[in-house]
Amino acid sequence: MSSRDEILARLKQNAIKPEPRPEADFQPLTFTNPVEQFQKILQVAGANSVLLEKGEDVNEIIRKTYPEAKTIASNLPGINCATVNPDLLEDPRELNGTDVAVIRGEFGVLENGMVWIKQQTRHKALFFISEALVILLNRDNLVNNMHEAYARPGFDDYGYGCFIAGPSKTADIEQALVIGAHGARSVTVILE
Amino acid sequence: MSSHAKAAKKFIADRERTAWHDQALYFVREKRDRMAHGVPEWEALRKTASRMKKHTISNLAYYLEMFERNATANGAHVHWAKDAEEHNRIVYDIIQRHGGKHLIKSKSMLSEECGLTPYLEERGVEAVESDLGERIMQFMGTPPSHIVLPAIHVKREEVGKVFEKELHTEPGNSDPTYLTHAARKALRQNFLNADIAMTGVNFAVASSGAFVVCTNEGNADMGTSFPKVHIAIMGMEKVVPDYDALALYVRLLARSATGQPSTTYTSHYKKPVEGQEMHIVIVDNGRSDILGNPDHVNMLKCLRCGSCINTCPVYRRTGGYSYSYFIPGPIGINLGMLRSPEKYSGNVSACTLCHSCSNVCPAKIDLAEQIYKWRQQLDPLHLASSEKKFIVKGLKLVMEHPAMFYSAIKAGRLAEKMPRFVLYNSLDAWGIGRELPDFAPETFNEMWKKGEVK
Ligand code: SF4
């Protein structure tokens, strides 16, 4: 008998009385001012946010936010400040040293500042290896909480996806919060 | 004296460090409280999460098979390991098949449980921990003292010292930002040079075949971004039925663990990316036995958030190394006993039965109640210490005589108001095999008399 079958047989032999699936009997958190709440919670997560006004150019905002940036990687249409198309690179290691990555978020979660990012580039390394991450997000795409997030139609349609809430951080040395552990040291969410 | 009390004696010999450790953990506990209070439905959320776990473990084979089916359809390879040995062998086989030499790891309690790193190193595979806390512990050559905060017992100067040696940082510089960024720079090379990536699994979604890994540092995602092989290892209890169930746990995990609304990265791995192989190892290693143990089956609900450890007054004052099992605190006391009562019974005394753990556990596991049950069983197992039995008898006497009971509580309350140096000195209960619980500001009896309780 394979280990798999042995384990499954043991589980069946030791099985406890089946419990019915519980119904959630609570009203989860909701927010009345979505954009305001999202900007507030992004700050808690350590991220910047910018409200894109009519007539404003995303490229200018990116340039203004990261004036020192030499390499800006993006495969998004309209991001003409990009200096590299990451999809043309064979090896994701070539992304090391990227100053800014510009990517698109699918939706944001108001209760915790997460933005759902689906793999949209050839190498997912882009989301983590760049020094700064700019996420473009439609401000109408905000959900209240995780229940709504996972219940969005088509959520399961991804190969790799990540909820990102602010810059990479750690508090592993004496509980002192340090931004920039391994991933982006700075995250800016541009709400279009 | 129990093994815990003996080991604790060493830890509490350094009064300042004991107080510092206590405060560091309590700070995390308070952050957790603020998060819990920010979610009005918190208690209902815990209750549903707990029931959802019960539902899942009562259909464990069903959900695991569903997960396997969907993960396989997504292109992942699913393996099953009966025990630690088989787990290590499977992992090593995969590595060998790819000629791997450099494994980059993100934090996994399961790999600790299986002793994977020494197993691989004996066979010539370097396993680098990429979580900062784990990396610090790897440099120091000692195991983590906490499941979520591996280096919580280490002072910044000690980190500075070991980084000086390993990473050639400036002598005497122990600034956390400086040290963290030094580790970032060094580990970046490890990420780029690794040929095999390994992650743990926080949740495996049966309905989809996806698995979820939560980190703040982004080390799991960096780790899996370059090598051609990703091995994910999971205990069987990590499976959740579907995304609706997952929502409950994602809401609870970071808030309970570190007092954050969420972890920075909540990564969902479903299909191997271009040119990559993805392996998932499902590990039993005693879990199916827990299922068959009605008194302790609830342990399979654990999310490994660590909040029961942070809140535990004994853990806070004695540190992770006072426990003989590799997982400390209330969760570790119970899991240790399930692993081997003969080996780990020395930890069951490390509990005041204050029930704080049961009250914070996001899965509402009856941790303290279970520890109490273990104590009852020590006698038949011939593992009870005669000294402890004597104390229990004394308690019984007090309990049976109300006046004595109330004066005992008053004395306890007084003890709490004493200056810290007294508390951490003459009454340092954990070194002498007794306990000093946290007392409520008022007794129930006092509140009742004042009419504060209706
Ligand atoms: S027993 Fe509960 S509180 Fe403790 S680590 Fe597990 S889930 Fe967290």
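Just a few scattered comments:
- Model label points for A:N141 and A:D87, set 7 angstrom from Cα along the Cα-to-Cβ axis, are 1.6 nm apart.
- In order along region B:137-147, phi translates into HN-Hα couplings of 5, 5, 4, 6, x, 10, x, x, 9, 7, 7 Hz, rounded to whole numbers, per the Karplus curve 6.51 cos²θ - 1.76 cosθ + 1.60 with θ = phi - 60° and x for Gly and Pro.
- Linear extension gain, B:E166 paired with B:Q23, 0.36 nm per residue minus alpha-carbon span: 48.6 nm
- The mean number of Cβ atoms from other chains found within 10 Å of a Cβ in peptide B:218-230 is 5, as a whole number.
- Neighbour net charge for A:F107 - beta-carbon separation under 12 angstrom, K R +1, D E -1: +1
- Pair B:T142, B:E30: separation of 7 Å Cα→Cβ label points (nm): 2.6 nm
- Under 5 Å from the amide H of B:V78 lie the amide H atoms of B:I280, each residue being 5 or more positions distant or on a separate chain, with H modelled from the backbone and absent for Pro and chain starts.
- Cβ-Cβ distance of A:E6 and A:Q27, R₀ of 45 Å, FRET efficiency by 1/(1 + (r/R0)^6): the value works out to about 0.50.
- Annotation note: trypsin sites (Lys or Arg not before Pro) in region A:43-123 located in DSSP loop regions with a Cβ neighbour count of at most 10 within 10 Å are A:K54, A:K70.
- Partnerless Cys - the protein assembly as shown, beta-carbon criterion under 4.7 Å: A:C81, A:C162, B:C114, B:C214, B:C302, B:C305, B:C312, B:C351, B:C354, B:C361
- Exceeding the 25 Å Cα-Cα cut-off - candidates B:K47/B:K373; B:K10/B:K238; B:K54/B:K82; B:K6/B:K301: B:K10/B:K238; B:K6/B:K301
- Shielding value for A:152-162 is 6, the average number of Cβ atoms from other chains within 10 Å of each residue's Cβ.
- Inter-chain neighbour count for B:281-289: the average number of beta-carbon atoms from partner chains within 10 Å of each residue's beta-carbon is 3.
- Accessible surface comparison of B:R287, A:R4, probe 1.4 Å, protein chains only, largest first: the order is A:R4, B:R287.
- Here the relative contact order of region A:28-191, from alpha carbon pairs under 8 Å that lie six or more residues apart, stands at 28 percent.
- For trypsin sites (Lys or Arg not before Pro), the sites in region B:84-129 that DSSP calls loop and that have at most 11 other Cβ atoms within 10 Å are B:R123.
- Rounded Å value of the spacing that divides the Cα centres of region B:137-215 and region A:101-150: 25 Å
- Between helix A:3-13 and chain A: long-axis angle, C-alpha atoms, 0 to 90°, nearest 10: 60 degrees
- Neighbours of A:C81, meaning other residues whose beta-carbon lies under 12 angstrom from its beta-carbon, give a summed charge of 0 when Lys and Arg score +1 and Asp and Glu score -1.
- Summed side-chain charge close to A:Y160 - residues other than A:Y160 whose Cβ falls under 10 Å, Lys, Arg +1, Asp, Glu -1: +3
- DSSP-loop GluC sites (Glu not before Pro) across region A:68-164, with at most 11 other Cβ within 10 angstrom: A:E68, A:E90
- Estimated FRET transfer efficiency (B:K101, A:K54; beta-carbon r; R0 56 Å; 0.05): 0.50
The values are calculated or read from the model by the stated rules, or taken from the named source; none is laboratory data. Since the model is a prediction, treat every value here as computed from it, not as a measurement. Neighbour counts are summed over all protein chains in view; Cβ atoms, including those assigned to glycine, are modelled from backbone coordinates with ideal geometry. Protein only, heavy atoms only, side chains kept; ligands, DNA and RNA dropped before computing areas. Shrake-Rupley method; radii C 1.70, N 1.55, O 1.52, S 1.80 Å.
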